[in-house]
Amino acid sequence: MARYGFVIDLKRCYGCYSCQVACKAANHTPQGIDWAWCRPSETGKFPTALRQMIPLVCQQCADPACLTVCPTGATTQDENGIVHVDADICMGCKYCIMACPYGARQTVPEWNTYFPDAEGDLDPYEAYAKKEWEKKNGYGMASKCDFCHDRVQAGRQPACVQSCPAKARHFGDLEDPESEVSILIRRERGFQLNPEFGADPACWYLPPR
Amino acid sequence: MELKAQTKWRWGLATYLFLSGLGAGAYAAGAYLDHLGEAWQTLSNIGIILGFPCVAVAGLFKLKQLGRPQAAWRAWMRPQTSWISRGSIMLMGFLGVSFIHLILVIAGADEGLRHVFGVIGGIFGVALMLYSGVLLAAARPIAFWSTAMLPLLFMLSSVLTGLMAIILIALITGEPFQGVVSNLERFIAVLLVLKTIVVIFYLQSTHRVPESRASAKLVLTGSVAPLFWFGVALLGLAIPLGLGFLDLIRAYGAEPKLVAALAAICGIAGGFFLRQVVLAAGIPAPLRAGRFEVALPII
């Protein structure tokens, strides 16, 4: 059975945030929730200071801490390794948010508009996004990236992978040694984030230089 | 890189942890004192009677803290892996046994029957006291919580606040200070010294990783410092120790009941602030990508 995973090439990411915006557009996430996000990081001192963008998604760990701590069984993992949250079952205890080493889980108590100073109801685009968000998700519950499960089932790439102009993101089957992601990990010496937590994430990163 | 503390678990959960610990501690102490004879009966009854309402109210605070309380009935679905599930089972077990025990005490039931419920309820009570620390300790990314010292600290604090609540109620209801109350107070003084040592060792043990060092810095000199120094150190430890252990005020002729009551109130408040300090200083580990690190956004 395929285990879906990401390979993110840190040499290529230059921090355009296309992935973050594409994810928000595809999944209609409200303000305060970013399933795909990018963060700058700096290290060293002048004249050898370095700056690097770190793109992030839910790591879809093989041994997810969020699934272990979930008391209601709302968190499940499918046969492809994708971790899902059932909006009807989650009670919003936020234990998974505390247990996740990667900050992949977020929650909001209500829909926060991006235009709080605007008068009247939500504009049509935000109203549409709110309606779409409420179809599969809710408020007060933990939500997370699911590797654009519906798009992948339809044979497409996750939105953040498709939108990346630098082709820094790759998606594929980690169990297939001949897949693009597996070859990249072997050839470019891919690594995982925070391996000390033993979660075995499905997202691998290629060194920046 | 500025590491940020979590913000999702704050006053609501701190109140739940505090009240459940106080209730369980008072009940467990009361159940034990029930075996010590007639002289301790009043204190024992107070402890047993305190258990159920405190833990029940704690449960309400826990419900309030949930994002979707309508799904809370599912909380005990996964005891095989989830500490919240296990805690929910312990909570319900404790509430059931302590309620029956409360009725038995009020009805003046037979000593043997009271003792049976006391033992069962005591086991649930100890489990509930330990569980609150274990729950936090299981969140591995937050190194400030992920230590075996935290369940010990919370258990000690629960026993202390439970005993102090018993003393406070006893003094308010007219129980004389000399005798069992003053004996209990001496025991509390020993526990306070132990708690002080545990707090010092707990903070000292945070040198392991940068995020727990950042938590300790937040507690000792940062934004959580006023809560820690005033709430935990002064109210929770220094004042009860100073008033009870050093006996200074009594030496100048002050009313011992007032002094003991003040020490109990301060100690109980200190127990609450301890939970809030621990929660407020929980900083998760940064994401580490080779030589680069990224602080998690506020969670």
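Brief remarks follow.
- When residues of the range B:41-66 are limited to those that are open to solvent by less than 30 Å² (accessible area, probe 1.4 Å) and within 22 Å of B:K8 (Cβ to Cβ), the one farthest from the chain's Cα centre (by Cα): B:L66
- Within the range B:67-107, considering residues that are of a type in the set (K, R) and open to solvent by less than 50 Å² (accessible area, probe 1.4 Å), the one nearest to B:L36 (Cα to Cα): B:R78
- Criterion violated by A:D63 - all others in (1) open to solvent by 30 Å² or more (accessible area, probe 1.4 Å); (2) within 8 Å of chain B (Cβ to nearest Cβ); (3) more than 14 Å from the chain's Cα centre (by Cα) satisfied: (2)
- Hits in the range B:199-208 - residues which are crowded, with 17+ Cβ neighbours inside 10 Å and in contact (Cβ under 8 Å) with a residue 40 or more places away in the chain: B:V199, B:Y202, B:T206
- Residue check, B:F18 at pLDDT 95 or above, closer than 19 Å to A:M98 by Cβ and surrounded by 20 or more Cβ atoms within 10 Å (Cβ to Cβ): yes
- Filter result (assigned to a helix (DSSP H, G or I) and within 27 Å of B:A295 (Cα to Cα)) within the range A:163-180: A:S163
- Qualifying residues in the range B:124-133 (those that are free of Cβ contacts under 8 Å to residues at least 60 places away in the same chain and under 11 Å from the mean Cα position of the chain (by Cα)) - the one nearest to the other protein chains (Cβ to nearest Cβ): B:Y131
- Evaluated against (1) in a helix (DSSP H, G or I); (2) in contact with a strand residue (DSSP E or B) (Cβ under 9 Å, 6 or more places away or on another chain), B:T161 falls short on exactly one condition, (2).
- Residue within the range A:155-162 that is touching a Pro at 6+ places or on another chain (Cβ under 7 Å) and over 19 Å from A:Y102 (Cα atoms) present: no
- Residue within the range B:97-116 that is within 30 Å of A:N194 (Cβ to Cβ) and out of contact with any Leu (no Cβ under 7 Å at 6 or more places or on another chain) present: no
- Any hit, the range B:42-52, residues being touching a His at 6+ places or on another chain (Cβ under 7 Å) and farther than 26 Å from A:T107 by Cα: yes
- Subset of the range A:33-44 (residues that are part of a loop (DSSP other than H, G, I, E, B) and among the β-branched types (V, I, T)): A:I33
- Identity of the residue in the range A:112-149, part of a loop (DSSP other than H, G, I, E, B) and within 14 Å of another protein chain (Cβ to nearest Cβ), that ends up most open to solvent (accessible area, probe 1.4 Å): A:Y139
- Test for B:L63: is it more than 30 Å from A:A49 (Cα to Cα), more than 12 Å from chain A (Cβ to nearest Cβ), assigned to a helix (DSSP H, G or I) and not acidic (D, E): no
- Counted residues, the range A:77-99 - those being more than 7 Å from chain B (Cβ to nearest Cβ) and touching a helix residue (DSSP H, G or I) at 6+ places or on another chain (Cβ under 7 Å): 5
- Residue identified as at pLDDT below 95 and assigned to a loop (DSSP other than H, G, I, E, B) among B:G253, B:G242: B:G253
- Taking the range A:70-92 as the range and being closer than 22 Å to A:C203 by Cα, open to solvent by less than 10 Å² (accessible area, probe 1.4 Å) and touching a Ser or Thr at 6+ places or on another chain (Cβ under 7 Å) as the test, only A:V83 passes.
- Yes/no for B:L168 being on the phi < 0 side of the Ramachandran plot and open to solvent by 10 Å² or more (accessible area, probe 1.4 Å): yes
- Filter result for the condition that a residue is more than 8 Å from every other protein chain (Cβ to nearest Cβ), assigned to a loop (DSSP other than H, G, I, E, B), open to solvent by 50 Å² or more (accessible area, probe 1.4 Å) and modelled with pLDDT under 95, over A:P47, A:P30: A:P47
- Qualifying residue in the range A:170-178 (condition: among the acidic types (D, E), closer than 16 Å to A:G5 by Cβ, open to solvent by 10 Å² or more (accessible area, probe 1.4 Å) and free of Cβ contacts under 8 Å to residues at least 40 places away in the same chain): yes
- Among (1) within 14 Å of another protein chain (Cβ to nearest Cβ); (2) more than 19 Å from B:L50 (Cβ to Cβ); (3) touching a Gly at 6+ places or on another chain (Cβ under 7 Å); (4) part of a helix (DSSP H, G or I) - the single one B:L136 does not satisfy: (3)
- Residue in the range B:108-115 that is away from chain A (no Cβ under 11 Å), under 21 Å from B:L17 (Cα atoms), open to solvent by 50 Å² or more (accessible area, probe 1.4 Å) and not in a loop (DSSP other than H, G, I, E, B) present: no
- One residue alone among B:E175, B:E185, B:E211 is surrounded by 16 or more Cβ atoms within 10 Å (Cβ to Cβ) and not in a helix (DSSP H, G or I), and that residue is B:E175.
- Residue match in the range B:80-95 (condition: under 19 Å from the mean Cα position of the chain (by Cα), of a type in the set (S, T, N, Q) and more than 12 Å from chain A (Cβ to nearest Cβ)): no
The values are calculated or read from the model by the stated rules, or taken from the named source; none is laboratory data. Bear in mind that the values here come from a model prediction, so they are computed numbers and not experimental data. So basically every Cβ, Gly included, is an ideal-geometry build from the backbone, and we count neighbours across all protein chains shown. The area values use the complete protein model at the heavy-atom level, side chains included, leaving out ligands, DNA and RNA. Shrake-Rupley method; radii C 1.70, N 1.55, O 1.52, S 1.80 Å.
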